[in-house]
Amino acid sequence: FFFLMIRRPPRSTQSRSSAASDVYKRQVHGDPAKHRLDHMGFGLVLGEDGKRFRSKSGVSVKLIDLLNEAHNQALEQLKKRIESSQEGQQTNLKEEELDEVAEKIGMAAIKYYDLKQNKISNYKFSYQNMLDPKGNTAVYLLYSYARLCSIIRKSELSEEGLNQLIHGTEFMITHPHERTLALTILKFPEVLDIVTDELAIHKLCDLIYDVAVKVAEGYSKYRILNDPNTNTRILLILAARDLLEKAFYLVGIKPLEKI
């Protein structure tokens, strides 16, 4: 279960009989004058057969086994990318980096697949769907983030150069799709308010995916590098990267700058 502590007005009266109880509650749950404790109910995690998720022997699956299996399957995918000659199916990782990256991908995949669900609905657990590099998965989002980082590196702008760009360049809309992406990025504060008000973490996941999809759509609509509008488009890329980085932190995902 997840709990969220948010502010509420203090109570005006308090009986002597409840004083000891309130001291205990304050120690365990925080000061009731400042915090409210909300319970977040969750639906069931089901197997691909639609029944309660269990191991083949019929016992509940341990978290460590889930994490190990996710790591192993992510590692297998990365190894296939090293051996692949197909464009778009390769990796820039070295052999010695695979295990650490697979650990981060596997962990992120499980966390995100769970959090993106409407918390009160049952859902089917599937490693194949969870580790799919396409669609609303942590793997797709990590690849999206890594590609943004790659574009920034290819711009050959130093950290100082990026700071000068941020503070010295006026952002301009040079293509209709840039407006769409910028408006999606600007939804971030509003979505965070909704997430805390409704305790609906999946709505943050929806925004993360929406931003990643719109970034990908832009790649086919206009050039980013070696273009007269490169500077202002790099600003938009930086904004998208920063949003993903902050959102990843909120859902417990460690970003990867290359995959």
(request) Mind giving me the FRET efficiency for residue 197 and residue 79? R0 is 30 Å, r the Cβ-Cβ distance, nearest 0.05 is fine. (result) 0.10
(request) Return the carbon/sulfur percentage of the accessible area of segment 95-215, one whole number, probe 1.4 Å, all protein chains in place. (result) 51 percent
(message) Given a Förster distance of 35 Å, report the FRET efficiency between residue 219 and residue 36 from their Cβ-Cβ distance, rounded to the nearest 0.05.
(response) 0.20
(request) Find the percent of Cα-Cα distances in segment 107-195 that exceed 23 Å, and round it to a whole number. (result) 47 percent
(request) May I ask you to compute the full-extension gain from residue 153 to residue 128, defined as 0.36 nm times their residue separation minus their alpha-carbon distance, rounded to one decimal in nm? (result) 5.8 nm
(request) Calculate I(q)/I(0) for segment 48-189 by the Debye formula, one identical point scatterer on each C-alpha and no solvent, and give its log10 at q = 0.10, 0.22 Å⁻¹ to two decimals. (result) -0.51, -1.37
(request) Among the listed pairs 116/154; 51/254; 221/254; 154/214; 104/214, give every one whose C-alpha distance is greater than 26 Å. (result) 116/154; 51/254; 221/254
(message) Skipping prolines and chain starts, which residues have an amide H placed within reach, meaning under 5 Å, of the one on residue 124, given they are 5 or more residues away or on another chain?
(response) 46
(request) Would you mind checking which residues have amide H under 5 Å from residue 37's amide H? H placed 1.01 Å from N; only 5 or more apart, or other chain. (result) none
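The values are calculated or read from the model by the stated rules, or taken from the named source; none is laboratory data. Fair warning: this is a prediction, and the values are worked out from it, not measured in the lab. With ideal geometry, Cβ positions are generated from the backbone for all residues, glycine too; neighbour counts draw on all protein chains shown. Calculation scope for accessible area: heavy atoms of the full protein, side chains included, ligands and nucleic acids excluded. Shrake-Rupley method; radii C 1.70, N 1.55, O 1.52, S 1.80 Å.
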